[in-house]
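Below: one structure, written as structure tokens.
The values are calculated or read from the model by the stated rules, or taken from the named source; none is laboratory data. Since the model is a prediction, treat every value here as computed from it, not as a measurement. Using ideal geometry, Cβ is built from the backbone for each residue, glycine included, and neighbour counts are taken over all protein chains shown. Quick note on the areas: whole protein, heavy atoms, side chains included, nothing else; ligands and nucleic acids left out. Shrake-Rupley method; radii C 1.70, N 1.55, O 1.52, S 1.80 Å.
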Amino acid sequence: MPLEPRSREELVTFLRDLHTEFRAHGHEWENNTMDDFLEALAAWVHDSPGVYGNVGEQIPPDGDWTFMARALHAATIYE
């Protein structure tokens, strides 16, 4: 799944692909309940400046489609 959608339509495709992935392999995800997923999403968004810094990037100041896709994807594994 590409983590850099450049439009709303590409974000929709990403989200549909994420949903398909969950239906097929959600039982393997670290955060496979809505409760755990949302908790991880909030934690990742909170910690995202450090996450971006660890790979030599800066968090987009106003967010963007890529940021949201990365945040949603990170919630599948983030603790």
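Observations on the structure shown:
- Sole exception among (1) open to solvent by 100 Å² or more (accessible area, probe 1.4 Å); (2) in contact (Cβ under 8 Å) with a residue 60 or more places away in the chain; (3) hydrophobic (A, V, I, L, M, F, W, C) for Ile77, by number: (2)
- Looking across the stretch 50-74 at every residue that is under 21 Å from Arg8 (Cα atoms) and β-branched (Val, Ile, Thr), the one that is least open to solvent (accessible area, probe 1.4 Å) is identified as Thr66.
- Once the stretch 6-49 is narrowed to residues that are part of a loop (DSSP other than H, G, I, E, B) and open to solvent by 80 Å² or more (accessible area, probe 1.4 Å), the residue that is nearest to Thr66 (Cα to Cα) is Arg6.
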